[in-house]
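The values are calculated or read from the model by the stated rules, or taken from the named source; none is laboratory data. All figures in this text were calculated on a predicted structure; none of them were measured in a lab. Neighbour counts are summed over all protein chains in view; Cβ atoms, including those assigned to glycine, are modelled from backbone coordinates with ideal geometry. Heavy atoms of the whole protein, side chains included, go into the accessibility calculation; ligands, DNA and RNA do not. Shrake-Rupley method; radii C 1.70, N 1.55, O 1.52, S 1.80 Å.
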Amino acid sequence: AGEGDPAILNLPDWSKTLGMPVAMNPYGQPSKYESQLLRRESPGLTRVGQASVSFTPLQGLFGIITPSGLHFERHHQGWHDVDPAVHRLMINASDPAFLKQPKVYTMDDLMRLPSVSRIHFIECGANTGLEWGNVAVPTVQYTHGMLSCSEFTGVPLRLLLEDCGVDYKKARFVLAEGADGSSMTRTIPMEMVENGEVFVAYGMNGEMLRPENGYPLRLVVPGVQGVSWVKWLRRIEVGDKPWATKDEAVHYIDLMPDGLHRQYTSIQECKSVITTPSGGQRLLEKGFYNVSGIAWSGRGKITRVDVSTDGGINWQPARIEGPVQNKALTRFNMNWVWDGKPAMLQSRAVDETGYVQPSYGQLRAVRGSKSIYHNNAIQTWKVAESGEISNVQVL
Ligand code: MTE
């Protein structure tokens, strides 16, 4: 006290000069002071970057929308910037009983049809997969960053199938196929299409999809694990049973404690995580902190989030920042006064079906610890007396 803060006492030079002109950056970029906020690879996770994942920096984001440039990426065979003028979507069937009139759509055909815009999360089934056995990675970017949330725009798949004369009584499944070298194919039950939720999307956050996320066309399958959101979507086949393709029979299956695998467990169960303060960060001193995080459920809306600062002994309801959307991220906040002593921060979400996010003990009792996919356990961040925050597991 007494000296005063030079940053407030002295007018900086830039305040006394002309600023930069309009449209100097015709496509705007974040401030240079935010250059650390990037999607990042986990070194050594895969042999090549073409069959890998980059994680969204959840620790630095606010609200529920992921900026398009920070949307996580998961490619099985690398990404491409595909010319929309030559991209096509074919809708077909092996039997005319399922679909009267197979059709091929251009992007221009699709973009003149009635569209919907909806906010949804996309989470890779392998998100938090490294943590099944024990703590593996230090920050929320790596524990939970195969997760993003955007406003997607496109055409309901129902509309296209009906345009091709689908017979819903006979055609009970669709197969979505991507145009990249990975031959990504996923079966989707027809109920999800019939209820209007599944759509073929060309828009993301108000502009065309980014190439990394499937430009010019991807499938949006709300609530379902990311692998079914087929990118560079080129074909939809309708049929009467699941196809059991390689990405359904060998990958994206859940290894259970009895040694058997579960197949087609595609819905992402209710989950939440505190994004700040979180692993790798450091509290400055004791006093007030806004504890902030995100919650989501593949089964609908989030109805409640509780926060614990003592490792799950006591819980308090967090403030839910609305409006709460169906199968979208939901932001929660809680006031917290840190007393300078060690603390264990946790969040626990509940969705509209009444499902409560499980602890690691509860989840492992049912699922074991050898799986890769669908880990939705409660995350714990340990705050040390020094203020340093680390990733720990509480049963
Ligand atoms: N679609 C195609 N064609 N090729 C792919 O490799 N990866 C899938 C899915 N769709 C993939 C794909 C997986 S495993 C996930 S988690 C999501 O896309 C990731 O979407 P994103 O890269 O937009 O985050």
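If you take the residues in region 41-93 that are in a loop (DSSP other than H, G, I, E, B) and acidic (Asp, Glu), which one is farthest from the ligand (Cβ to nearest atom)? It would help to see each step written out before you state the result.
Of all residues in region 41-93, those in a loop (DSSP other than H, G, I, E, B) come to 42-48, 52, 56-57, 61-67, 71-72, 75-87.
If we keep only those that are acidic (Asp, Glu) too, we end up with 81, 83.
Details: Asp81: 14, Asp83: 16 Å.
In this case the residue turns out to be Asp83.
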Within region 324-335, identify whether any single residue is touching a Phe, Trp or Tyr at 6+ places or on another chain (Cβ under 6 Å), surrounded by 17 or more Cβ atoms within 10 Å (Cβ to Cβ) and in contact (Cβ under 8 Å) with a residue 24 or more places away in the chain, and answer yes or no. yes
From Ser115, Ser68, Ser52, which residue is farther than 20 Å from Asp180 by Cβ and small (Gly, Ala, Ser)? Ser115
Kindly indicate whether Leu89 is under 28 Å from the mean Cα position of the chain (by Cα), surrounded by 14 or more Cβ atoms within 10 Å (Cβ to Cβ) and without any contact (Cβ under 8 Å) to a residue 60 or more places away in the chain. no
Could you please find all residues in region 267-286 being more than 19 Å from Ser308 (Cα to Cα) and either within 18 Å of the chain's Cα centre (by Cα) or part of a strand (DSSP E or B) (or both)? Ile267, Gln268, Glu269
Can you tell me how many residues within region 345-363 are surrounded by fewer than 21 Cβ atoms within 10 Å (Cβ to Cβ) and either touching a residue at least 60 places away in the same chain (Cβ under 8 Å) or within 23 Å of the chain's Cα centre (by Cα) (or both)? 9
Can you name the condition, by its number, that His251 falls short on among (1) surrounded by 14 or more Cβ atoms within 10 Å (Cβ to Cβ); (2) in a loop (DSSP other than H, G, I, E, B); (3) away from the ligand (no atom under 15 Å from the Cβ)? (3)
Might you check whether a residue that is surrounded by 22 or more Cβ atoms within 10 Å (Cβ to Cβ), assigned to a loop (DSSP other than H, G, I, E, B) and polar (S, T, N, Q) occurs anywhere in region 291-303? yes
All positions within region 306-315 that are assigned to a strand (DSSP E or B) and within 16 Å of Pro277 (Cβ to Cβ): Val307, Ser308, Asp310
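Just checking, which of Lys231, Lys241 is surrounded by fewer than 18 Cβ atoms within 10 Å (Cβ to Cβ), assigned to a loop (DSSP other than H, G, I, E, B) and either in contact (Cβ under 8 Å) with a residue 12 or more places away in the chain or away from the ligand (no atom under 15 Å from the Cβ) (or both)?
Details: Lys231 fails: surrounded by fewer than 18 Cβ atoms within 10 Å (Cβ to Cβ).
Among Lys231, Lys241, only Lys241 is surrounded by fewer than 18 Cβ atoms within 10 Å (Cβ to Cβ), assigned to a loop (DSSP other than H, G, I, E, B) and either in contact (Cβ under 8 Å) with a residue 12 or more places away in the chain or away from the ligand (no atom under 15 Å from the Cβ) (or both).
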For Val337, which of the numbered conditions (1) assigned to a strand (DSSP E or B); (2) closer than 10 Å to Ile302 by Cα fails to hold? (2)
Of the listed residues (Gly214, Gly203), the one being near the ligand (Cβ under 9 Å from one of its atoms) and either modelled with pLDDT under 95 or open to solvent by less than 10 Å² (accessible area, probe 1.4 Å) (or both) is Gly214
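Would you say Met24 is open to solvent by 50 Å² or more (accessible area, probe 1.4 Å), at pLDDT 95 or above and closer than 30 Å to Gly239 by Cα?
Working: open to solvent by 50 Å² or more (accessible area, probe 1.4 Å): yes; at pLDDT 95 or above: yes; closer than 30 Å to Gly239 by Cα: no.
So Met24 does not fit the description; no.
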Only one of Ile253, Ile267 that is among the β-branched types (Val, Ile, Thr) and modelled with pLDDT of 95 or more: Ile267
